[in-house]
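Take a look at the structure below.
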Amino acid sequence: MNERILDLFTKDALEAARANNTYRSMRLMETPESSRVKIRMPNGASQEQILLASNSYLDLANIDELKQAMAQAVLEWGTGSGGARLTTGNKTPHQELEEFIAKFKGEESAITFNTGYMANVGTISALCGKNDFIFSDELNHASIIDGIRLSRAKCFVYKHNDMADLQRVILEAEKSRAESALPAPRKLIVTDAVFSMDGDLANLPELLRVAKENDCLLMVDEAHATGVLGKTGRGLAEHYGCAHADVTVGTLSKAVAAEGGFVAGPKQLTEFLKNKSRSFIFTTAMAPAVAAAACNNLRFIDAHPERVQNLRDNVKFFCDALRREGVNVDLSPSAIVPIVIGDEAKAMQVSAKLQEQGILIPAIRYPTVAKGQARLRASLMATHTHEQLQTAASTIAQIIKKL
Ligand code: PMP
């Protein structure tokens, strides 16, 4: 190993991250994902925590019946898929999963990717090329941003959830193109359904209108919406009772508690992605047992809409409890409850104190959110008890008051 050369590539970045408090390291969990976990504390001891930080919103990762179904799928299908989907990797569980996603989402067809990240990157970069226009909400997830970069399309960022600003950037973009010799662009609007650091929702009815009026394709990323929004967890369209976006992306790694991403929509779209999406084509298919687990878990959500309702009730209970304790939060329409502290160092302090008292809620700070907007990002599960949520709300309030 030539340490001097490695230093050239890595040393400055690591030192800068240490100096400006953005150095990242991983927390070690010693038990499976659920509403109570054991983590390794900085002093090496194990400590039990109430987990208010998981994306496993319906708490399906550690249910006996679902674990056994996955174990059975391993026994039947082995440990890996052995090839890409278009070579030898496509097994019965992959097909069953895609059929079930299409049914669950009320779409003609679905295609799966190995992660939600790969679904976003592979879909945007396949749909758009360098002469196209993409209109993107300023708070969209990194995987959308990376997909846009890879597509080389011209990107116009609109103010968060601001439909007037979206209309404004569309007109501005069209004007700039009209003045050039280039052909008329294809236009894509892309947005998160639930914004991952704020927990608020995209305005789907308005986005559908703007897309229609301006001849745009509309793509919505339902990573934090699937299994969460709507009476039965179908997502954003069920929440609003309106039509679906043209392209619905989602993940199987959050409420579904497995792994993988998907795109649901017309068959022509999924056939196109099978032929053109590089993150679908040039990678090994997910393990068949993972596909089987994702499908089993989705069936479980389909059969247990009361779990989605429990999550909704818990979010309301927690937001109400925080407000009763004097903490300023809005009632979240999703499973994500941001508690804005503002100052970066203070947010870190609150999170560390909560952890000492057995409550795990990470602090999110710049560059993930804007400077001075540091926050605790609480996320709820369907299985938290009211007692756990009340304890967390009271403890948060006590710590914030003493800041
Ligand atoms: N989209 C959004 C909005 C997300 O929050 C995430 C995960 N953090 C993803 C996509 C990526 O999904 P996955 O974890 O399955 O790669």
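The values are calculated or read from the model by the stated rules, or taken from the named source; none is laboratory data. It should be emphasised that the depicted structure is a prediction, and the values quoted were computed from it without experimental measurement. In this analysis, Cβ positions are derived from the backbone assuming ideal geometry, glycine residues included, and neighbour counts consider all displayed protein chains.
Taking into account only those residues within segment 174-209 that are farther than 28 Å from Ala374 by Cα and of a type in the set (S, T, N, Q), which is modelled with the highest pLDDT?
Ser176
Working carefully through the options Thr79, Thr87, Thr31, find the one that is of a type in the set (Ser, Thr, Tyr), modelled with pLDDT of 95 or more and in a helix (DSSP H, G or I). Step through it out loud before you land on a result.
Working: Thr79 fails: in a helix (DSSP H, G or I); Thr31 fails: in a helix (DSSP H, G or I).
Among Thr79, Thr87, Thr31, only Thr87 is of a type in the set (Ser, Thr, Tyr), modelled with pLDDT of 95 or more and in a helix (DSSP H, G or I).
Does Thr112 qualify as being at pLDDT 95 or above, in contact with a His (Cβ under 7 Å, 6 or more places away or on another chain) and under 17 Å from Val247 (Cβ atoms)?
Working: at pLDDT 95 or above: yes; in contact with a His (Cβ under 7 Å, 6 or more places away or on another chain): yes; under 17 Å from Val247 (Cβ atoms): yes.
Spelling it out, Thr112 is indeed at pLDDT 95 or above, in contact with a His (Cβ under 7 Å, 6 or more places away or on another chain) and under 17 Å from Val247 (Cβ atoms).
Could you run through segment 135-150 and say how many residues are closer than 17 Å to Ala173 by Cα and not charged (D, E, K, R)?
Going through segment 135-150, the residues closer than 17 Å to Ala173 by Cα turn out to be 135-138, 148.
Still in the running and not charged (D, E, K, R): 135-136, 148.
Number satisfying all stated conditions: 3.
Assess whether Gln49 counts as being modelled with pLDDT of 95 or more, outside any helix (DSSP H, G or I) and either touching a Lys or Arg at 6+ places or on another chain (Cβ under 7 Å) or more than 16 Å from the ligand (Cβ to nearest atom) (or both). I'd like the intermediate steps shown before the answer.
Details: modelled with pLDDT of 95 or more: yes; outside any helix (DSSP H, G or I): yes; either touching a Lys or Arg at 6+ places or on another chain (Cβ under 7 Å) or more than 16 Å from the ligand (Cβ to nearest atom) (or both): yes.
Yes; evaluated as a whole, the condition is true for this residue.
When you scan segment 242-345 for strands (runs of 3 or more DSSP E) that lie fully inside it, which ones turn up with 3 or more residues that are of a type outside the set (A, V, I, L, M), within 16 Å of the ligand (Cβ to nearest atom) and crowded, with 24+ Cβ neighbours inside 10 Å?
Numbers: elements: 247-251, 261-265, 336-342.
Ranges flagged: 247-251.
So which of Lys212, Lys267 ends up being farther than 23 Å from Thr368 by Cβ, in contact (Cβ under 8 Å) with a residue 60 or more places away in the chain and of a type in the set (D, E, K, R)? Give the derivation first.
Working: Lys212 fails: in contact (Cβ under 8 Å) with a residue 60 or more places away in the chain.
After applying the criteria, what remains is Lys267.
Working carefully through the options Leu6, Leu75, Leu86, find the one that is away from the ligand (no atom under 16 Å from the Cβ), assigned by TED's automatic domain parsing to the domain that holds Leu298 and without any contact (Cβ under 8 Å) to a residue 12 or more places away in the chain. Break it down stepwise before answering.
Values: Leu6 fails: assigned by TED's automatic domain parsing to the domain that holds Leu298; Leu86 fails: without any contact (Cβ under 8 Å) to a residue 12 or more places away in the chain.
None of the other options fit; the residue is Leu75.
Is it fair to say Arg278 is within 18 Å of Tyr117 (Cβ to Cβ) and of a type in the set (Lys, Arg)?
Values: within 18 Å of Tyr117 (Cβ to Cβ): yes; of a type in the set (Lys, Arg): yes.
Spelling it out, Arg278 is indeed within 18 Å of Tyr117 (Cβ to Cβ) and of a type in the set (Lys, Arg).
Among the residues of segment 233-264, which ones are over 17 Å from Leu201 (Cα atoms) and more than 17 Å from the chain's Cα centre (by Cα)?
Asp246
Restricting attention to segment 303-325, does a residue exist that is outside the structural domain of Gly260 (by TED's automatic domain parsing), on the phi > 0 side of the Ramachandran plot and not hydrophobic (A, V, I, L, M, F, W, C)?
Within segment 303-325, not a single residue is outside the structural domain of Gly260 (by TED's automatic domain parsing), on the phi > 0 side of the Ramachandran plot and not hydrophobic (A, V, I, L, M, F, W, C).
One residue is enough: does segment 10-19 have a residue meeting the conditions touching a residue at least 12 places away in the same chain (Cβ under 8 Å) and either hydrophobic (A, V, I, L, M, F, W, C) or part of a loop (DSSP other than H, G, I, E, B) (or both)? Before the answer, list the steps.
First, pick out the residues of segment 10-19 that are touching a residue at least 12 places away in the same chain (Cβ under 8 Å): none.
No, because not a single residue in segment 10-19 is touching a residue at least 12 places away in the same chain (Cβ under 8 Å) and either hydrophobic (A, V, I, L, M, F, W, C) or part of a loop (DSSP other than H, G, I, E, B) (or both).
Quick check on segment 37-46: of everything there that is out of contact with any Lys or Arg (no Cβ under 7 Å at 6 or more places or on another chain) and under 21 Å from Ile364 (Cα atoms), which residue is surrounded by the fewest Cβ atoms within 10 Å (Cβ to Cβ)? So that I can check it myself, show each step before the final result.
So the first thing to find is which residues in segment 37-46 are out of contact with any Lys or Arg (no Cβ under 7 Å at 6 or more places or on another chain), and the list is 37-38, 40-45.
Checking the rest, the ones that are also under 21 Å from Ile364 (Cα atoms) come to 37, 40-42.
Values: Val37: 20, Arg40: 13, Met41: 14, Pro42: 8.
Filtering segment 37-46 for residues that are out of contact with any Lys or Arg (no Cβ under 7 Å at 6 or more places or on another chain) and under 21 Å from Ile364 (Cα atoms), the one surrounded by the fewest Cβ atoms within 10 Å (Cβ to Cβ) comes out as Pro42.
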